[in-house]
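Enquirer: Structure below; questions to follow.
The values are calculated or read from the model by the stated rules, or taken from the named source; none is laboratory data. It should be emphasised that the depicted structure is a prediction, and the values quoted were computed from it without experimental measurement. When we count neighbours, we look across all protein chains shown, and the Cβ atoms used for this are built from the backbone with ideal geometry, even at glycine. Only protein heavy atoms, including side chains, enter the accessible area calculation; ligands, DNA and RNA are left aside. Shrake-Rupley method; radii C 1.70, N 1.55, O 1.52, S 1.80 Å.
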Amino acid sequence: MMMRIIIFTGLIFGGAACVDLEPYNGYFTTPPDSRVCNGNELANAVANFKKPEEFEGHEDVYATRDFWQWSGFAAGSSTALTGRDYMHSTYVPSEHWIEEHEPAIFDFSATLFGFPGQVRTYDLYVLVNFRPVPFALREIESSDDYSSFEDVDVERELKLIHDFTLENEQPRVQSIYIPPSSFETIGTQDVRVIELIRYEPNERWSFLNRKVRFDTPVIVHRGATGCRSVDYSVETTTLSYESHFQTLRTGNSTLLLPPEENVSEPLDEAWKDVSVFSETFDVNDDVVELNLQMMALNEGVPARKEYVAVFIDGEFYDSLSGMVEMPEGQSFEEVSENAKVISFPIQVDLSDRVGEYVRVRAIRFPDPFKLRACTRAIHCRATSSNELVLRRMVGS
């Protein structure tokens, strides 16, 4: 079976791999950048829209569910994603084309292996231009069970969040249906399919296990190619060389700091006991300002924009999210002396949440509206912060 239009991702022993089983030009190629078009440019793009030649033969993602058995790794997770034939995926597994009236349908498999007795619940989101949108999710029971979704129940099946459970060595294969109504505009769309692990308060895994296990960035050209009507201004951030380097190294280069008044020891020392970042922090103020620290990646990663999405109790908060500019990656010697860290402020309003546990997490998405060559997973994969748990103790 040729697998060149299936995106494979895997997380092995906490690392990440972005694998194209039959690479084209050696890696995932980079689609032409989209840009914000004026009315005439968009009209021209719509008039000239044409799907590329169809790559025949919808790949059976159901057959990839047992990838973990022949991967050669003892523990980790694996996922696979493919778009339907009518979306005309070509050699580039991350680009798709649909007409304005058509939905987008993706099929994916997910597996957790090497963790006996482990059972995890995940929340699945579909972000279109970094906004969660309603979608339907259905289980695939066999290679003959791919749903067309012609009978989708709008009231019952379309949701902003779907959850599913993974048990060790028990793969799940599912289909995602994104209706036309979930796309607000025509043109090039940045679509992210992500799943986030649910954690319990004070669960140490919430700090240590912060990879976004299933994160697939895809570009969907809806009725026009190369034009988009969505743009974001760059948010104010602070560039610092006084980083908590060891903490960031331990935490996958992205760290959501607790309120300053809740940490009694220097954070450069706190990393040695990382469980401090997954405790519940009791606060007394109506509005709590958190600091998201993001370290520049390794040498070879160019300067780029990233979109930071903030989730509170699993709900996306547009007003707290935004685009940031990240500096180019540094050499190991540079990082050892002066690591570049971008600080992004997040203000959480707890005035009406007295006595409640409030979970805060931020996810950084690289290269909005474009996809760089995925030669190394850290270049193109989303990165989640730790999940902080706050509790408002007294009312105002």
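Enquirer: Return a yes/no flag: does region 208-229 have any residue that is at pLDDT 80 or above and part of a helix (DSSP H, G or I). Please lay out each step first, then the result.
Expert: Start the filter on region 208-229 by keeping residues that are at pLDDT 80 or above, which leaves 218-228.
From what's left, part of a helix (DSSP H, G or I): none.
No, the conditions are met nowhere in region 208-229.
Enquirer: Against the condition open to solvent by 70 Å² or more (accessible area, probe 1.4 Å) and under 21 Å from residue 315 (Cβ atoms), how does residue 160 come out, does it pass? It would help to see each step written out before you state the result.
Expert: Details: open to solvent by 70 Å² or more (accessible area, probe 1.4 Å): yes; under 21 Å from residue 315 (Cβ atoms): yes.
Answer is yes for this residue.
Enquirer: Got a sec? Which of 107, 66 is among the acidic types (Asp, Glu), open to solvent by 10 Å² or more (accessible area, probe 1.4 Å) and either not in a loop (DSSP other than H, G, I, E, B) or not assigned by the TED database to the domain that holds residue 138 (or both)?
Expert: Details: 107 fails: open to solvent by 10 Å² or more (accessible area, probe 1.4 Å).
Just one listed residue meets the conditions, 66.
Enquirer: Would you check if residue 339 is open to solvent by less than 10 Å² (accessible area, probe 1.4 Å), of a type outside the set (Phe, Trp, Tyr) and at pLDDT 80 or above?
Expert: Numbers: open to solvent by less than 10 Å² (accessible area, probe 1.4 Å): yes; of a type outside the set (Phe, Trp, Tyr): yes; at pLDDT 80 or above: no.
Answer is no for this residue.
Enquirer: Same structure again: From the residues in region 365-396 that are more than 30 Å from residue 261 (Cα to Cα) and open to solvent by 60 Å² or more (accessible area, probe 1.4 Å), which one is modelled with the lowest pLDDT?
Expert: For region 365-396, the residue satisfying everything is 375.
Enquirer: If the requirement is being touching a strand residue (DSSP E or B) at 6+ places or on another chain (Cβ under 9 Å), under 29 Å from residue 162 (Cα atoms) and modelled with pLDDT of 80 or more, which of these qualifies: 15, 117, 76? Spell out how you get there, then give the answer.
Expert: Values: 15 fails: modelled with pLDDT of 80 or more; 76 fails: modelled with pLDDT of 80 or more.
So the residue among 15, 117, 76 that is touching a strand residue (DSSP E or B) at 6+ places or on another chain (Cβ under 9 Å), under 29 Å from residue 162 (Cα atoms) and modelled with pLDDT of 80 or more is 117.
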